[in-house]
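Notes follow the structure.
The values are calculated or read from the model by the stated rules, or taken from the named source; none is laboratory data. Given the structure is predicted, the values throughout are model-derived calculations rather than measurements. Please note: Cβ atoms are built from the backbone with ideal geometry, for glycine as well, and neighbour counts cover all protein chains shown. SASA here: full protein model, heavy atoms, side chains in, ligands and nucleic acids out. Shrake-Rupley method; radii C 1.70, N 1.55, O 1.52, S 1.80 Å.
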Amino acid sequence: MKSGSRLERLLSQGEFVVTAEIGPPKHASAEPLIRKARLLKGYVDAANVTDCQTAVVRMASIPAAVHLLREGVEPVIQMTCRDRNRIAIQADLLGAYSLGIRNLLCLTGDHPAVGDHPEAKGVFDLDAVQLLDMVRRLRDEKVFQSGVPLKGPEPRFFLGAAENPCGAPVELRIMRLAKKVEAGADFIQTQCVFDLECFSRWMESVREEGLDRRVYILAGVTPLKSARMAQYMHENVPGISIPEEIRERMAKASDSQEEGIAIAVETIQALKRIPGVAGVHIMAIAWEEVVPEIVRRAGLFPRPQLPEETDR
Amino acid sequence: MIVAKPKPFPFLTEQLRPYRKVAVVGCETCVAVCLAGGEREVRRLAQALELERRVRGGVELLTLPLTVKRQCEYEYLEPLRETLKGVEAAVSLGCGVGVQYLAAAFPELWVVPGLDTLMAGGPTALGVWEEYCRLCGECLLHLTGGICPLTRCAKGLLNGPCGGASEGRCEVNPEVPCAWILIYERLRRFGKEELLRHLTPPKNWQLAQGRGPRKLVREEVRG
């Protein structure tokens, strides 16, 4: 075991895992986090806490994750390279580990120009690959990025990275994925999958490279709430394309929320059949309350428990 | 070359309001080539400043249009010493280096920057200049097929593209091609795409930022 986190243990037991995403609030109260944690508890194996996603200021992911821990939901903290240099990242991660956080998703981060403080300086002292390498060495070699040894217990994180399965060119994306695995990624959470054909082709390349045996792939799933959202994401979200068929289904549906849920459930069931997919990561953007229903309808409820949890 | 652009004219008139005798000092090197601070721009600015003062009223302004070969070498500034006697202020149409050399060479002269210095780059079309180098102190272009990811990727990524490129364009600025896709295509043309598997370690920013201003000493040149 690298970290002994729930997520790592369930994956190593061969469970098809379910993770979800929680965006911290744009204020100083933990109330929304606690509400979302209670909503998701028992339906997901772990929940990602975003690190100022889309470069918009929110509560920091480490303290937000502590609120999740208190509610009994295992967090996956996200750490981007946008706002911190290598000194700040390592310092924050030592603190995060001391607070009981065990899963870490390493991201480059969205550029400040797309967020709510476009005049901010983007740090990008490291990129996501270098970040993974640094945190793996903290864990496995017990040294800081500089090579200076730690003076006590090392932070032992289960390390994740992100990947866009429908990005082009495929060969370049696979090379980058291989690099992330080489640098230390234990699991991958992908950008949301709408185009199953393109995702399957990507998984084929992943298997050809043998990467599915070296890293757990969690496929991203986003339930669409409306036809407008589908169109917006298709046109405006970098790296996402939604097939016309799905956009049409959303447009024609009498109950678009129900249709969005149905598409998400079908997508999960299809993903489950693709060799090498180890789980799903449900990103219900500002619609966390729908996650339990999706998990149930996809046949993924109840979630597995670890031995000590069933003893209780 | 160093690429610069003129500061707004009202900024300059405001800065020069207290002075009667003002030199406008251009530079024949980079800023002349990028049409911001050569002899022609110096002449035009000097005339415009005098005219504005006349129209606006107040003490008459006398300008001295001067252009040197390179404002970033004391050797070329020294000959201005006689001419600048009695001059109260100067607008430098040099880059940020030129402004500082001028101020250092003439401690009695109040120096105002006439340009905003932008980047190390070059022209890509008539009236268009683009950045190519961040002057980071440790060139990686042998790994990236002559395309600098530090400069030309919005996030300065050194290990391949982020997931956001759409149809080969940068997610941050769709006007710009994704540097990593350009790098990939070029490496492929040379059969060197294996270079993309190379893990580039974190950059040594000491080379880029130093301990304050960077200094280069080459003993073999010193002699």
Of the conditions (1) touching a Pro at 6+ places or on another chain (Cβ under 9 Å); (2) open to solvent by less than 50 Å² (accessible area, probe 1.4 Å); (3) among the polar types (S, T, N, Q), A:GLN257 satisfies every one except a single condition; which number is it? (2)
Sort out which residues of the stretch A:185-204 are of a type in the set (Gly, Ala, Ser) and either surrounded by 24 or more Cβ atoms within 10 Å (Cβ to Cβ) or under 15 Å from the mean Cα position of the chain (by Cα) (or both), and write them in order of number. A:ALA185
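With the requirement that a residue be within 19 Å of the chain's Cα centre (by Cα) and open to solvent by less than 10 Å² (accessible area, probe 1.4 Å), what does the stretch A:120-133 give you?
The answer is A:ASP127, A:ALA128, A:VAL129, A:GLN130, A:LEU131, A:LEU132.
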Return yes or no: is B:VAL87 closer than 26 Å to B:ALA32 by Cβ, in contact (Cβ under 8 Å) with a residue 60 or more places away in the chain and either part of a loop (DSSP other than H, G, I, E, B) or touching a Phe, Trp or Tyr at 6+ places or on another chain (Cβ under 9 Å) (or both)? yes
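Can you give me the number of residues within the stretch A:148-164 that are part of a loop (DSSP other than H, G, I, E, B) and either within 9 Å of chain B (Cβ to nearest Cβ) or surrounded by fewer than 23 Cβ atoms within 10 Å (Cβ to Cβ) (or both)?
The number of residues fulfilling the criteria is 9.
Condition check ((1) surrounded by 14 or more Cβ atoms within 10 Å (Cβ to Cβ); (2) over 21 Å from A:ARG84 (Cα atoms); (3) within 13 Å of chain A (Cβ to nearest Cβ); (4) of a type in the set (Asp, Glu)) across all residues:
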residue	(1), (2), (3), (4)
B:TYR132	yes, yes, no, no
B:GLY137	yes, yes, no, no
B:LEU150	yes, no, yes, no
B:GLU167	no, yes, yes, yes
B:VAL172	yes, no, yes, no
B:ARG188	yes, yes, yes, no
Scan B:ARG70, B:ARG40, B:ARG53 and give me the residue that is assigned to a helix (DSSP H, G or I) and surrounded by 15 or more Cβ atoms within 10 Å (Cβ to Cβ). B:ARG53
Residue ID - nearest to A:TYR97 (Cα to Cα), chosen from residues in the stretch A:165-180 that are crowded, with 21+ Cβ neighbours inside 10 Å and more than 7 Å from every other protein chain (Cβ to nearest Cβ): A:LYS180
Selection over the stretch A:114-124 where residues are facing another protein chain (nearest Cβ under 7 Å) and either part of a loop (DSSP other than H, G, I, E, B) or over 16 Å from A:GLN53 (Cα atoms) (or both) yields a count of 2
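How many of the residues in the stretch A:134-147 are farther than 17 Å from A:CYS106 by Cβ and open to solvent by 40 Å² or more (accessible area, probe 1.4 Å)? Give the steps one after another, and end with the answer.
Start the filter on the stretch A:134-147 by keeping residues that are farther than 17 Å from A:CYS106 by Cβ, which leaves A:142-143, A:146-147.
Filter again for open to solvent by 40 Å² or more (accessible area, probe 1.4 Å), leaving A:142, A:146.
Of the residues in the stretch A:134-147, 2 are farther than 17 Å from A:CYS106 by Cβ and open to solvent by 40 Å² or more (accessible area, probe 1.4 Å).
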May I ask you to verify whether B:ALA4 is over 16 Å from the mean Cα position of the chain (by Cα) and open to solvent by less than 50 Å² (accessible area, probe 1.4 Å)? no
Of the conditions (1) closer than 25 Å to A:LYS36 by Cβ; (2) in contact (Cβ under 8 Å) with a residue 40 or more places away in the chain, the single one that A:GLU259 does not satisfy is (2)
Qualifying residues in the stretch A:264-280 (those that are part of a helix (DSSP H, G or I) and in contact with a helix residue (DSSP H, G or I) (Cβ under 6 Å, 6 or more places away or on another chain)) - the one surrounded by the most Cβ atoms within 10 Å (Cβ to Cβ): A:ALA264
Take the residues in the stretch A:100-117 that are in contact (Cβ under 8 Å) with a residue 60 or more places away in the chain and open to solvent by 30 Å² or more (accessible area, probe 1.4 Å); name whichever of them is farthest from the chain's Cα centre (by Cα). A:HIS117
In this structure, is B:CYS95 under 27 Å from A:ASP83 (Cβ atoms) and either open to solvent by 30 Å² or more (accessible area, probe 1.4 Å) or in contact with a strand residue (DSSP E or B) (Cβ under 8 Å, 6 or more places away or on another chain) (or both)? no
Considering only helices (runs of 4 or more DSSP H) fully contained in the stretch B:122-223, which possess at least 2 residues that are more than 26 Å from the chain's Cα centre (by Cα) and outside the structural domain of B:VAL97 (by TED's automatic domain parsing)? B:179-189, B:219-222
Looking only at residues that are open to solvent by 30 Å² or more (accessible area, probe 1.4 Å) and touching a residue at least 60 places away in the same chain (Cβ under 8 Å) in the stretch A:46-73, which one is nearest to the other protein chains (Cβ to nearest Cβ)? A:THR54
Working carefully through the options B:LEU143, B:LEU182, B:LEU196, B:LEU158, find the one that is out of contact with any His (no Cβ under 9 Å at 6 or more places or on another chain), open to solvent by less than 90 Å² (accessible area, probe 1.4 Å) and in contact (Cβ under 8 Å) with a residue 40 or more places away in the chain. B:LEU158
